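What follows is calculated from the coordinates using simple rules that are stated; it is not laboratory data. Keep in mind the model is a prediction, meaning the values are calculated, not measured. Every residue, glycine as well, gets a Cβ built from its backbone with ideal geometry; the counts of neighbours run over all protein chains shown.
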Amino acid sequence: MSSRMNPVAARLFAAVVCLLSLLPGAEAADLRPLLKQLASDERSAVVEAVEALGNSGDPLALSILEALQGGTLRLTPAGRALIASDTGSPLQELGSGKAAAADPTALVTPLVSNQVRRAIEPAIAQLQLVSPDGATRLKAARELARRAGPEDAALMRAVLARETEPEIRLALESALARLDLTNPDRDLRLQAIRRIQAQGDIQLKSELVRLTAAKEDGAFAEPDAEVRAAAAAAIHAIDRRQTLVGLVANLLYGLSLGSVLLLAALGLAITFGQMGIINMAHGEMLMLGAYTAYAIQNFVRSALPGLFDYYLVPALPAAFLVCALVGIALERSILRFLYGRPLESLLATWGISLVIIQVVRLVFGAQNVTVANPSWLSGGYAAAPGLVLPYSRVAIVLLGAIVVALVWLLLQRTSLGLQIRAVTQNRPMAASMGVRTAWVDTLTFALGSGVAGIGGVALSQLGNVGPELGQSYIVDSFMVVVLGGVGNIGGAIAGAMGLGIVAKYLEPFTDAVLAKIFLLLFIILFIQKRPQGLFALKGRAAEG
Amino acid sequence: MNGTGKPGKTWKRVLGGLAMLATVASTTARAEETIKVGILHSLSGTMAISETSLKDVALMTIEEINEKGGLLGKKLEPVVVDPASNWPLFAEKARELIQQHKVAVTFGCWTSVSRKSVLPVFEELNGLLFYPVQYEGEESSYNVFYTGAAPNQQAIPAVEYLMSKEGGGARRFVLLGTDYVYPRTTNKILRAFLHTKKIGDADILETYTPFGHADYQTIVSKIKSFAAGKPTAVISTINGDSNVPFYKELANQGLKATDIPVVAFSVGEEELRGIDTKPLVGHLAAWNYFMSIKTPENSAFIAKWKAYVKKHNLPGGDARVTNDPMEATYIGMMMWADAVRQAGTTDVDAVRQAIGYQTVKSPSGFDIRMDEKNHHLWKPVYIGEIQANGQFQVVWKTKGPVRAQAWSPYIPDSAKKIADWTYPWVCGNCTAPKYVN
């Protein structure tokens, strides 16, 4: 209000404004100049408008900011805010949801860049802090814990005073603790440091480091010695905790890599152990499984789009069947004649792998194909600060466990499994007991290839699917089988998990390339000492 | 035929006659002369995701030139070979193109290791190569024209943007790349550049993964812990399809662009086609062209491309996009065609003299000029943020085209070198002119 207005006019003006604010749609009028500023070409003006909206405390401002963040906000030249939808439905009025008519060419889409987004997130958090929904408030409190400035302290204290949920109180207290680190009151600073130590939040560690740092003239940033000592102790505690979290994280990453290797190598352990055939086409079974997942994905997407999220359910058995059938075809036509001839089987299966790769190139194209993750496999679970477990990896560990369990059941509890084990241990004796060894060989090869197919489906969720997918896993599969001992599942599990975990513990220190080199060297040395691998089959025929 | 079964004299005469007919027929067929243009891009393997579109846009440009009457009265004939992301095979195929197919010019290569592999072949056989991809500099060959960005036209402006307030004010950097010459040299230059900006080695984390690497769990986790405390940015020189699992891991571990922005130098619209880009909104790339640039020239270029895709039923259909190396291939081809017309011949030495000073109106709206001295283009610089639809939104750009510095001033050894193929220097990497007046 102008200072030149006389008092009567000022009071009249205030009264009129109050009356106007009672009218519907008038809330938008208060925000109209800010909306006009959002449409500005200057990113700094947009950032200012966003911050002002955050401070306004107006629930309509929250809808505006959320629409801005989601990219659906459109502004008319007159300053009205409209919501566009990307599914093609008509424009809606902000707040009321009514359909609105507007000239599409005159609409302005506000500029949103990282700089603007960095301002939107705390502004939304400010507005969400007073939301009636607990989950929203918690999210807002956590966001403010990371980015709040001193101007938010009053709001946070006010909300803390009437907040009852313990998790939200915790988040708000840690946010305030961060701000309290620069509070003139010494006791408040000590209290803040103790709170940060208890929380163990690595983001706040740098604030503590700054406290203990010395300025150029030798004086410390933090004048009080006791506070400095407390800060140093807190830094040690946070570091120890981070090291522990890091160790656990690497273990989990190693398990997930190990389960990928296990799914890839399990089939090979079965066929290599059973028939002594070095199957260089094993990687291509993985690739065929991945392409089966791709084909099923396309089929489900076109025929049953609503069930797209569950396309993995038919993809797994389909991949098993496809690869088992390909395995049977291979075994019956070519490999059957190559038992006991390792060099020929190596060359023949290498040639077969090249043929399969080229056939896939002709059918699907030489480039990678896109296999989309279903929504329940995207994202991750934040187990601890600094430790996020992606859902896709957790699912693959579970899948590996299930597949191993099923294969174990098959081998130990069915008659086919009994025959497979008999033929593996002593082929001539099994034959003289009436086991049809040729038929058992075919089924074993089918089983190994089918398991590889399932492994391929898992790989399709993690990385690229292209004709050369198998080539990158064949060496790893052989490493697992050689390390773990041929012909038994326990060896494959031990080999896969061991390699996965060791690789993941080496990587932070040596980089991915060197880690691979060290692993190969380790396996070469291990084989010198123990050629039969970790878990070897015992018995005369097994060594023969 | 006589009784022994061996072909008799009559048979021999018949065969000889047929052979003569065949040669006559083929020579008359060859009378329809064409100018052969070599296309040397990986159509399979880890780099196929990036390079296949370059082959397609090269074929499109050749078709366009042929529709306008060809060059010097002859049609252009493309010779496409597939070196399959195999670097030694690149050299073999380059030799095959020049010696066997007798191509007048080659458009090819993406990775610097492929370019380094073919360089001796082109220099030995005096061929001509147009290299359309951003690279690490430290090279200027008599036989190569570089239509992609040198570090000062891409990497340095990107780092300066990240350090600015608008870009997030980064004070810590993660230099993550694929393990070969381009990322290693670029990171050497960037490290020296960051030292001049008072960012010490303690604030720089340099790490590499092999081609085709797919497991980025530990690396993303390491980035997160390295970033705790200071505003950090990641500079990614990952090449090929490893980018797909890398971006997926970023999304899975919740690494948001507002916290730790990732700027990539080898990821464009084409590489993003196979990824769900919604969790990646806000991450950046630096190029000299984006499909989202709004100029009439770009709309015409995109329309031409989409029509070509439709006409030839290319896989991907409507989802096909244009990107910087495609634009660079187009510019290079147009420049070469102009130079051939000016020189009146496809002879390499004549054309080479004519290419310097050539100017082409590029889809970005600017007049792009080939620098006659260092064989590089003057290019504008754009920095864009990934949008949910896989396009880029420009957040920063230079006012106009910037001259390329083939030899980086930030590395002491190369700061002294000059690339100048005009008289009196006539060299690509010397400290003194060859001919002294």
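Plugging the Kirkwood radius over Cα pairs into Stokes-Einstein for region A:157-202, at a temperature of 10 °C and a viscosity of 1.306 mPa s, what D comes out in µm²/s?
146
Separation between the B:Gln353 and B:Asn389 pseudo-spin-labels, each 7 Å from Cα along Cα→Cβ, expressed in nm?
Each label point is offset 7 Å from its Cα along the Cβ direction, giving 5.0 nm.
Note down the nm distance, to one decimal, between modelled labels 7 Å out along Cα→Cβ at A:Gln528 and at B:Val80.
Using points 7 Å along Cα→Cβ, the separation is 5.1 nm.
When the helix-only estimate is applied to chain A (DSSP H runs of n ≥ 4, each -39,500 (n - 2.57), divided by the residue count), what is the mean residue ellipticity at 222 nm, nearest 500 deg cm²/dmol?
Details: 21 runs with 374 residues, N = 544.
Computed mean residue ellipticity for chain A: -23000 deg cm²/dmol.
Pull up all non-local amide H partners of B:Gly108: gap of 5 or more, or a different chain, and H-to-H distance under 5 Å with H placed in the peptide plane.
Those qualifying (amide H under 5 Å, at least 5 residues apart or on another chain) are B:Leu40, B:Phe130.
Please list, ordered by chain and number, the residues whose modelled amide H lies under 5 Å from the amide H of B:Trp396; skip anything fewer than 5 residues away on the same chain.
B:Ile383
Please compute the contact order of chain B in relative form: average sequence separation of alpha-carbon pairs under 8 Å and at least six residues apart, divided by the residue count, as a percent.
Details: 834 pairs, mean separation 68.2, N = 437.
Reported relative contact order: 16 percent.
Out of all DSSP beta bridges with both ends in the protein assembly as shown, state the antiparallel percent to the nearest 5.
Details: 30 of 64 bridges.
So the antiparallel bridges in the protein assembly as shown amount to around 45 percent.
In vacuum, with every alpha carbon of chain A counted as one equal point scatterer, what does the Debye formula give for log10 I(q)/I(0) at q = 0.06, 0.09, 0.11 Å⁻¹? Two decimals, please.
These q points yield log10 I(q)/I(0) values of -0.50, -0.88, -1.05.
Take the alpha carbon gyration tensor of the protein assembly as shown, find the square roots of its eigenvalues, order them as a ≥ b ≥ c, and report rounded if a/c is under 1.5; if not, report prolate when a/b exceeds b/c, else oblate. Don't jump to the answer; show the numbers that get you there.
Values: a/c = 1.83, a/b = 1.23, b/c = 1.49.
Judged from the Cα gyration tensor, the protein assembly as shown comes out oblate (a/c at least 1.5, b/c at or above a/b).
Please sort B:376-384, B:398-406 by packing, taking for each peptide the average over its residues of neighbouring beta carbons within 10 angstrom, highest first. Don't skip to the end; give the middle numbers.
Working: B:376-384: 24.4, B:398-406: 17.2.
Highest-to-lowest ranking by the protection proxy: B:376-384, B:398-406.
What is the calculated FRET efficiency for A:Leu409 to A:Leu362, with r their C-beta to C-beta distance and R₀ = 35 Å, to the nearest 0.05?
0.35
Among A:300-307, B:67-74, A:110-117, how do they line up from the highest to the lowest mean number of other beta-carbon atoms within 10 Å? Mind dumping the intermediate values first?
Working: A:300-307: 11.1, B:67-74: 12.6, A:110-117: 21.1.
Descending mean neighbour count gives A:110-117, B:67-74, A:300-307.
With θ set to phi - 60°, apply the Karplus curve 6.51 cos²θ - 1.76 cosθ + 1.60 along region B:381-395 and write out the HN-Hα couplings as whole Hz, x wherever there is a Gly or Pro.
Computed from phi, the couplings for region B:381-395 are 10, 10, 10, x, 9, 5, 9, 5, 8, x, 8, 10, 9, 6, 10 Hz.
Calculate one ³J(HN,Hα) per residue across region A:490-506 by plugging θ = phi - 60° into the Karplus curve 6.51 cos²θ - 1.76 cosθ + 1.60, and present them in order as whole Hz with x for glycine and proline.
x, x, 4, 4, 4, x, 5, 5, x, 4, x, 5, 4, 4, 6, 6, 6
Which of the cysteines in chain B are isolated, no other cysteine C-beta under 4.7 Å?
B:Cys109
Hey, with R₀ at 30 Å, roughly what FRET efficiency would B:Val426 and B:Thr196 work out to, going by the Cβ-Cβ distance, to 0.05? Before the final figure, lay out each step's value.
Working: r = 32 Å, r/R0 = 1.05.
That gives a FRET efficiency of 0.40.
Considering Cα pairs under 8 angstrom that are at least six residues apart, work out the relative contact order of region A:131-223 and quote it in whole percent. Write out the running numbers ahead of the final one.
Working: 74 pairs, mean separation 19.4, N = 93.
Once divided by the residue count of region A:131-223, the mean separation gives 21 percent.
Let me confirm one metric for peptide B:245-254, namely the mean number of other chain beta-carbon atoms within 10 Å of its residues' beta-carbons. Don't skip to the end; give the middle numbers.
Working: counts 3, 1, 0, 8, 7, 0, 5, 12, 8, 5.
Across the residues of B:245-254, the mean count of other-chain Cβ atoms within 10 Å is 5.
Could you give each residue of region B:275-281 its phi-based ³J(HN,Hα) in whole Hz, using Karplus coefficients 6.51, -1.76, 1.60 with θ = phi - 60°, and x for Gly or Pro?
Along region B:275-281, the couplings run 10, 6, 8, 4, x, 9, 4 Hz.
About the Cα centre, and with charges only on the beta carbon of Lys, Arg (+1) and Asp, Glu (-1), how big is the dipole of the protein assembly as shown? Nearest 20 debye, please. Could you put the intermediate results ahead of the total?
Details: 93 positive and 84 negative charges, 353 e Å.
For the protein assembly as shown, the charge dipole is close to 1700 debye.
Let me know the volume per residue of the alpha-carbon convex hull for region A:131-223, in Å³.
Working: hull volume 9.6 nm³, N = 93.
Taking the convex hull of the Cα positions in region A:131-223, it is 103 Å³ per residue.
How many percent of DSSP beta bridges within chain B run antiparallel, rounded to 5?
35
By the scheme Lys and Arg +1, Asp and Glu -1, what is the net charge of all other residues having a beta-carbon under 11 Å from that of A:Gly276? Don't skip to the answer; put the middle values down first.
Values: positive: A:Arg341, A:Arg427; negative: A:Asp441.
Summing Lys/Arg as +1 and Asp/Glu as -1 gives +1.
What residues have an amide H closer than 5 Å to that of B:Val81, excluding those fewer than 5 places away on the same chain, when H is modeled at 1.01 Å from N in the peptide plane?
For B:Val81, the qualifying residues are B:Ile39, B:His41.
Quote the FRET efficiency, to the nearest 0.05, computed for A:Ser131 versus B:Lys397 with a Förster distance R0 of 41 Å and r equal to the Cβ-Cβ distance.
Values: r = 39 Å, r/R0 = 0.96.
After rounding, the FRET efficiency stands at 0.55.
Would you mind giving the mean number of other chain beta-carbons within 10 Å of the Cβ of each residue in B:203-214, as a whole number?
Details: counts 0, 0, 0, 1, 5, 4, 4, 5, 1, 7, 5, 8.
Taking all residues of B:203-214 together, the mean is 3.
I want to check the label-to-label distance for A:Asp30 and B:His101. Put each point 7 Å from Cα in the C-beta direction and report it in nm to one decimal.
7.0
What's the ranking of A:54-61, B:357-364 by average number of surrounding C-beta atoms within 10 Å, highest first?
Details: A:54-61: 17.5, B:357-364: 19.1.
Highest to lowest by the protection proxy: B:357-364, A:54-61.
Determine the shielding of peptide B:218-231 by partner chains: average, over its residues, the number of Cβ atoms on other chains within 10 angstrom of each Cβ.
Values: counts 14, 4, 2, 11, 3, 0, 5, 8, 0, 2, 10, 9, 1, 0.
The per-residue average across the peptide is 5.
Evaluate the relative contact order of chain A (contact order divided by residue number), counting alpha-carbon pairs under 8 angstrom at least 6 apart; express in whole percent. Each step should come with its number before you reach the end.
On the way: 768 pairs, mean separation 80.4, N = 544.
The value is 15 percent.
Of A:Lys205/B:Lys198; B:Lys55/B:Lys399; B:Lys198/B:Lys416; B:Lys36/B:Lys68; B:Lys55/B:Lys361; B:Lys102/B:Lys311, which ones are farther than 27 Å apart at the Cα?
Working: A:Lys205/B:Lys198 23 Å; B:Lys55/B:Lys399 31 Å; B:Lys198/B:Lys416 23 Å; B:Lys36/B:Lys68 17 Å; B:Lys55/B:Lys361 21 Å; B:Lys102/B:Lys311 29 Å.
With Cα atoms farther than 27 Å apart: B:Lys55/B:Lys399; B:Lys102/B:Lys311.
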